[in-house]
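In what follows, a single structure is set out as structure tokens and then discussed.
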């Protein structure tokens, strides 16, 4: 497994690493299998978050006896000092460790949020104190808003930055180049567009051509997916011209208005699994599997037609998708 230096942290991390979002839906035994398969394939970096339900707990249990083989990154959406201080201690407990290699400000969407976390009673002060106490090794920042990161990414404050990057979403490339010049490690979330990119291995191969980035963190929830993704980091995996043409075709088909299945829109008051609704629609419109998708859609109790347009989901979407409008489209696609 190829490794790259994670900026000023000095950590040498595997270019393909493990994103912890999908682990939360697995029982402990399966989560442990996925994590063990990742480590055995050469992965030495795992990214999770306080907001990923049971993900931290599952990772902590799976790493018992193997903690020294992996760098752990987690993050919190806490904006105030006390909230972040509490979350750091909860993360340490969940992960069953006495230190976390990288702790990140999670999902800073606006300048107002940034000013809040950097204020006298903001979350950043708690991170600094935790670093001084040896609880965390380095401080990073994550966002889905390029304009905010362009304004605030200070190498004196942050050792890493985490931002979406894949063949469909390339708006971060100039930021990555500047970050590398400032010796800031670059963590690419959504490297397979949240699972929407039809052939994930092609997306990963394309991303690894960019020497500015440090590590890709695809979410992986099966041993087979771990093996497939990690194989991309082996020598001799350069893209062919046929593959480049295929990538462009997928990019053209996806456009920009699509669900990355991050799950931030949940829970829905109507108990609709919103990302699954868009996944089923994709199988109809992108993958030409209408009967397969219809069968699974009809087996779901709360379908898109149950949407009452309350609007609670839309402000939570980091991509500002018109979810209510899109849910109406799903209902029309399946006729209910």
Next on the checklist: Looking at the structure I just gave you, is residue 209 more than 25 Å from residue 58 (Cβ to Cβ), touching a residue at least 12 places away in the same chain (Cβ under 8 Å) and surrounded by fewer than 14 Cβ atoms within 10 Å (Cβ to Cβ)?
Outcome noted: yes
Item to check | Residue satisfying condition, being modelled with pLDDT of 95 or more and either surrounded by fewer than 20 Cβ atoms within 10 Å (Cβ to Cβ) or within 21 Å of residue 61 (Cα to Cα) (or both), within set 122, 134 | outcome: 134
Checklist entry - Right, residue 227: over 15 Å from the mean Cα position of the chain (by Cα) and either farther than 29 Å from residue 285 by Cβ or assigned to a loop (DSSP other than H, G, I, E, B) (or both) or not? => result yes
Next on the checklist: Condition first: over 21 Å from residue 319 (Cβ atoms), part of a loop (DSSP other than H, G, I, E, B) and touching a strand residue (DSSP E or B) at 6+ places or on another chain (Cβ under 6 Å). Now tell me which residues in segment 191-219 satisfy that.
Outcome noted: 214
Item to check | Sole residue being modelled with pLDDT of 90 or more, closer than 24 Å to residue 190 by Cβ and not assigned by TED's automatic domain parsing to the domain that holds residue 52, chosen from 321, 279 | outcome: 321
Checklist entry - Any residue at all in segment 240-257 that is modelled with pLDDT under 95, surrounded by 12 or more Cβ atoms within 10 Å (Cβ to Cβ) and assigned to a loop (DSSP other than H, G, I, E, B)? => result no
Item to check | Test: residue in segment 131-144 that is within 23 Å of residue 110 (Cα to Cα), in contact with a helix residue (DSSP H, G or I) (Cβ under 8 Å, 6 or more places away or on another chain) and part of a helix (DSSP H, G or I) | outcome: no
Item to check | Scan of segment 173-190 for residues that are surrounded by 19 or more Cβ atoms within 10 Å (Cβ to Cβ), at pLDDT 95 or above and not in a strand (DSSP E or B), ordered by number | outcome: 175, 176, 179, 184
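Each row is one residue, and each column tells you yes or no for (1) farther than 22 Å from residue 212 by Cβ; (2) within 15 Å of the chain's Cα centre (by Cα).
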position	(1), (2)
18	no, yes
31	yes, no
37	yes, no
58	yes, no
72	yes, yes
81	yes, no
103	yes, yes
Checklist entry - Any idea which of 138, 106 is within 16 Å of residue 152 (Cβ to Cβ) and assigned by TED's automatic domain parsing to the domain that holds residue 186? => result 106
Checklist outcome for this item: For segment 149-160, pairs from a residue that is touching a residue at least 12 places away in the same chain (Cβ under 8 Å) and assigned by TED's automatic domain parsing to the domain that holds residue 182 to a residue that is part of a strand (DSSP E or B) and surrounded by fewer than 22 Cβ atoms within 10 Å (Cβ to Cβ), with Cβ under 9 Å and 6 or more apart or across chains, are 157/139; 158/139; 159/137; 159/139; 160/139
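Looking at 64, 24 in this structure, which one is assigned to a loop (DSSP other than H, G, I, E, B), more than 25 Å from residue 176 (Cα to Cα) and in the same structural domain as residue 124 (by TED's automatic domain parsing)?
Unique residue meeting the criteria: 64.
The values are calculated or read from the model by the stated rules, or taken from the named source; none is laboratory data. Owing to the predicted nature of the structure, the values given are computational and were not obtained by experimental measurement. Every residue, glycine as well, gets a Cβ built from its backbone with ideal geometry; the counts of neighbours run over all protein chains shown.
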